[in-house]
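Presented below is the structure to which this report refers.
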Amino acid sequence: MEFDFINDIIKCIAGFEFKTLNNSPKDIFDHINQKNQNFINYFYKNPDDLLHLCSLRPNCIYEFNSFFGVAHILFYSKETSKVYSLGPLLHEPFSEYQALEKIHKIGIPADLSRQLLMFGASLPVIPTSTLNRLSLLLYQKITGSNVPISFQTVNLFKENVPNLLESPVHLTSASIREIEERYELSAALTEAVKQGNFSMAINILSKYNFSGAFSHRNSSPLRNFQNYCIILNTQLRHALEECHIHPYQLDRISNNIGIKIEQLDSLKKAESLTTEILKSYCRLVQENAYPNLKPLVHLAVTHIKDHLSDNISVKETAAALNVNANYLSTIFQKEMGISFIDFVNKERITQAAKLLKCSTLQIQQIAFTVGFNNTSYFAKQFQKHYGKSPREYRN
């Protein structure tokens, strides 16, 4: 009962699982392989050769590294005759560009590379120092022992091993660029949600190549779409941890969405759920961004962020909120310290700056995405706010 509680706490706060295993090299390796979605089987013609690496001794905490920085923490307790596992996780934010270089070097088929990239992007990021403290605390709690503990790193993946696949299929430059563009959109989508900008998130989602993004692990389009929704849910939950939103709020939304994903029974509902996922997380950001605003102004700010890429105005917003436009304009200026239109432009320019930093989308595309229909006007407003042109800012 206590172990289940600890696992729930770790999964809720850190985003990975704390599991109990038998003290068997095969069980340990099978667990790591399964948690890595069986990718290790692709990298080694005979994974059994690695079993000798999975023999654990007591009073030692092991970090098993599989590929692209994916880590698992394991330790063996003589007191319980069990092995305990934390993971999978990353120590540093996942870099799809570095991963693509390794994928191209090794010669991984396109479908498998998509699975690898989506898997890596879904993992939680835990600094080494934090993970070591957590591992040591858990070891002492479970074993009841304060004896000196050593730490050991075990590498299950060697990047320079040649001919990792039976029939390597090298990615073409076109397929690499396709993956890069998809991940640029993914980064832009995450940034839009972190800003609570629902309209921009929907705009970006409309450009997403779902058929190319799906990991075709089975013949069910619905299951593939569900897999995408799971990754999107996980990606946004971890992204909003950086916005200092309480883990309880994130876990509540994430769990609710997780249930709806598994209950999907049609592609039409699945497509609607992606919109709901974006709206749920954007709403959470909006609720936490301006907690002390008067309700009407908070509704106006929410409406702006939800329709930032549209032709939004005080009059249109007032009509949507069923209030007088002059009254809304006055109370908005008083509460926010900035006029309605200046706030809209500031939000658009702020979003554009973030897209310039986190993506390689064309400047014209960014302008349209954040709500500017005229690229010259966008450049003029950007220069006014940042003292640089969009191109200079990006460079």
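Here are the numbers for the structure shown:
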{"item": "Some residue of the stretch 289-296 being part of a helix (DSSP H, G or I), modelled with pLDDT under 80 and open to solvent by 10 Å² or more (accessible area, probe 1.4 Å)", "result": "yes"}
{"item": "Single condition Lys357 does not satisfy, out of (1) under 30 Å from the mean Cα position of the chain (by Cα); (2) crowded, with 16+ Cβ neighbours inside 10 Å; (3) part of a helix (DSSP H, G or I)", "result": "(2)"}
{"item": "Of all residues making up the stretch 111-128, the number that are surrounded by fewer than 19 Cβ atoms within 10 Å (Cβ to Cβ) and among the charged types (D, E, K, R)", "result": "1"}
{"item": "Number of the exception - Thr275 against (1) without any contact (Cβ under 8 Å) to a residue 60 or more places away in the chain; (2) among the polar types (S, T, N, Q); (3) surrounded by fewer than 19 Cβ atoms within 10 Å (Cβ to Cβ); (4) under 22 Å from Thr369 (Cβ atoms)", "result": "(1)"}
{"item": "Single residue of Ser129, Ser145, Ser135 found to be modelled with pLDDT under 75 and either part of a strand (DSSP E or B) or among the polar types (S, T, N, Q) (or both)", "result": "Ser145"}
{"item": "Failed item in (1) in contact (Cβ under 8 Å) with a residue 60 or more places away in the chain; (2) hydrophobic (A, V, I, L, M, F, W, C); (3) more than 30 Å from Ile253 (Cα to Cα), with Phe378 passing the rest", "result": "(1)"}
{"item": "Residue list for the stretch 117-126, restricted to those being outside any loop (DSSP other than H, G, I, E, B) and of a type in the set (Val, Ile, Thr)", "result": "Val125"}
{"item": "Single residue of the stretch 360-372 satisfying the filter (in contact (Cβ under 8 Å) with a residue 24 or more places away in the chain and outside any helix (DSSP H, G or I)) that is nearest to His303 (Cα to Cα)", "result": "Gly371"}
{"item": "The stretch 371-386: number of residues that are of a type outside the set (Ser, Thr, Tyr), open to solvent by 50 Å² or more (accessible area, probe 1.4 Å) and touching a helix residue (DSSP H, G or I) at 6+ places or on another chain (Cβ under 9 Å)", "result": "5"}
{"item": "Total residues in the stretch 297-307, condition open to solvent by 10 Å² or more (accessible area, probe 1.4 Å) and of a type in the set (A, V, I, L, M, F, W, C)", "result": "1"}
{"item": "Residues of the stretch 373-395 satisfying the condition of being in a loop (DSSP other than H, G, I, E, B) and of a type outside the set (Ser, Thr, Tyr)", "result": "Asn373, Asn374, Gly387, Lys388, Asn395"}
{"item": "Any hit, the stretch 229-246, residues being among the hydroxyl-bearing types (Ser, Thr, Tyr), in a helix (DSSP H, G or I) and over 18 Å from Ile126 (Cα atoms)", "result": "no"}
{"item": "Test result for Ser211, out of contact with any strand residue (DSSP E or B) (no Cβ under 8 Å at 6 or more places or on another chain), at pLDDT 85 or above, polar (S, T, N, Q) and open to solvent by 40 Å² or more (accessible area, probe 1.4 Å)", "result": "no"}
{"item": "Residue, nearest to Ile28 (Cα to Cα), within the stretch 56-70, restricted to residues that are in contact (Cβ under 8 Å) with a residue 24 or more places away in the chain, of a type outside the set (Ser, Thr, Tyr) and outside any strand (DSSP E or B)", "result": "Leu56"}
{"item": "Subset of the stretch 243-298 [touching a helix residue (DSSP H, G or I) at 6+ places or on another chain (Cβ under 9 Å) and of a type in the set (Val, Ile, Thr)]", "result": "Ile245, Ile253, Ile257, Ile261, Thr274, Thr275, Ile277, Val285, Val297"}
{"item": "Those residues of the stretch 71-88 which are part of a strand (DSSP E or B) and basic (Lys, Arg), in sequence order", "result": "Lys82"}
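Listed here are the residues, each with its yes/no results for (1) of a type outside the set (A, V, I, L, M); (2) closer than 24 Å to Ser206 by Cβ; (3) without any contact (Cβ under 8 Å) to a residue 60 or more places away in the chain; (4) touching a Cys at 6+ places or on another chain (Cβ under 8 Å).
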residue	(1), (2), (3), (4)
Glu242	yes, no, yes, no
Gln249	yes, no, yes, no
Ile253	no, yes, yes, no
Lys260	yes, yes, yes, no
Ala270	no, yes, yes, yes
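Residues are listed down the side, and each one gets a yes or a no for (1) at pLDDT 85 or above; (2) in contact with a strand residue (DSSP E or B) (Cβ under 8 Å, 6 or more places away or on another chain); (3) not in a loop (DSSP other than H, G, I, E, B):
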{"position": "His298", "(1), (2), (3)": "no, no, yes"}
{"position": "Asp310", "(1), (2), (3)": "no, no, no"}
{"position": "Glu316", "(1), (2), (3)": "yes, no, yes"}
{"position": "Ala320", "(1), (2), (3)": "yes, no, yes"}
{"position": "Phe332", "(1), (2), (3)": "yes, no, yes"}
{"position": "Ile338", "(1), (2), (3)": "yes, no, no"}
{"position": "Lys346", "(1), (2), (3)": "yes, no, yes"}
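The values are calculated or read from the model by the stated rules, or taken from the named source; none is laboratory data. Predicted model, so just to flag it, every value in this text is computed and none were measured. FYI the Cβ positions are ideal-geometry reconstructions off the backbone, even for glycines, and counts take in every protein chain you see. Ligands, DNA and RNA are stripped out before the accessible areas are found, and what is left, the full protein with its side chains, is counted by its heavy atoms. Shrake-Rupley method; radii C 1.70, N 1.55, O 1.52, S 1.80 Å.
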